[in-house]
Structures are given as structure tokens and as C-alpha cells.
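The values are calculated or read from the model by the stated rules, or taken from the named source; none is laboratory data. In this text, all values refer to a predicted model and were calculated from it rather than measured experimentally. All Cβ positions, glycine included, derive from the backbone under ideal geometry; neighbour counts span all protein chains shown.
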Amino acid sequence: MKKTHFISAVLTIATIAFTSSVIAHGVEVPVGSKSLQIFKNAQDMPIASMNEPGVNAYFEDIVGSGDLKSPIACGMFRMEKGEPLVYTYDYDDTKIILDGHFYFSDGNKKVKAVKGDVMFFPKGATITFSTDDSGLAYACGQRKLF
């Protein structure tokens, strides 16, 4: 094997290993960074359980800013049939439905969100999440990484 091919292979493996470990825990982009970031196939990454008894809800941060004044953090949210999840937001948040569907209720209104729909959850809102099958969403909120 040529030396350049070997070095290229080692760098590729190191990059894949680093990217996989970074994605699993969320990456904080430093304040002032001008570097483009890419997280390939984020929808296929492992998503950690939210550890709510009886609730099949999963969330994993992917990336967030290091800006303490105006933080932003984005990740993947998945839910499967089971008990509803009730969550009170202490930050503004959005979700883009990527697959399946969810039911969302704020106590006054209940909506079914499907692939392509965007949801906005204002700070202070208590939202009940449920599904009778499964759903996957990209979430982005005005908060620090979890």
C-alpha cells in the first residue's frame, strides 16, 4: 500500500470515529467560529431515551452554539406508541416532522402533525406529545445543549 493511501485511510477512519462520537453527545460550536459543520444522516443516529416511565420518547442533541447570550441547540426527537409525554418548555422550541406523525396538545388545541409540518412551542407552554404509531422530528430551540 502506498504511504499516501495509508495516511488517507487512517485520516478517514479517524474522521468517521470522531464524527460518530461527537454526534452521539452533541457538538458545541464555539462563539466566533466561522467553520461550516455537517452532520450526515442525523436521522439514523442513536437517540437516547428521555427516561420517562411508560413513555417511549427519545431525544438527542446534535449541535448547539456556545453563545451564552443567544443559545441555540438542535437535535432529533423520536416517539413511539405508549403513554403521552407532558413537557413544559422553559425556552422557545420548534420541531419539523421528518417521518410518521405526532399529536400535540396545549390543553386548548390538539393537532396532528405529519411529515413536512413545522410546530412552534413558546416558552412557558405545557405540551402533551403522543402518537398511535411513531414519529421522528428535528427539534431546534433557544437553549443550551442538554
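Values for this structure:
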quantity	calculated
Pairs with Cβ under 6 Å, 6+ apart, first in the range 50-76 and touching a residue at least 12 places away in the same chain (Cβ under 8 Å) and more than 18 Å from D90 (Cβ to Cβ), second surrounded by fewer than 17 Cβ atoms within 10 Å (Cβ to Cβ) and acidic (D, E)	G54/E83; V55/E83; N56/E80
Whichever residue in the range 69-86 is of a type in the set (G, A, S) and at pLDDT 95 or above and, among such residues, is nearest to F129 (Cα to Cα)	G82
Matching residues in the range 97-146 - criterion: being on the phi > 0 side of the Ramachandran plot and surrounded by 17 or more Cβ atoms within 10 Å (Cβ to Cβ)	G100
Index of the failed condition, V55 passing every other in (1) part of a loop (DSSP other than H, G, I, E, B); (2) among the hydrophobic types (A, V, I, L, M, F, W, C); (3) loosely packed, with under 15 Cβ neighbours inside 10 Å; (4) at pLDDT 95 or above	(3)
Options K112, K123; residue that is assigned to a strand (DSSP E or B), of a type in the set (K, R) and in contact with a Phe, Trp or Tyr (Cβ under 8 Å, 6 or more places away or on another chain)	K112
Where a residue in the range 81-95 is under 11 Å from F121 (Cβ atoms) and its partner, wherever it lies, is hydroxyl-bearing (S, T, Y) and modelled with pLDDT of 95 or more, with Cβ under 6 Å and at least six apart	T88/T126
Residues (part of a loop (DSSP other than H, G, I, E, B), under 28 Å from S130 (Cα atoms) and either at pLDDT below 95 or charged (D, E, K, R) (or both)) located in the range 8-52	G26, F39, K40, N41, M45, P46, E52
Top-ranked residue in the range 58-95 [being aliphatic (A, V, I, L, M) and surrounded by fewer than 15 Cβ atoms within 10 Å (Cβ to Cβ); ranked as farthest from I38 (Cα to Cα)]	V86
Matching residues, the range 126-146, being of a type in the set (A, V, I, L, M, F, W, C) and not in a loop (DSSP other than H, G, I, E, B)	I127, F129, L136, A137, A139, C140
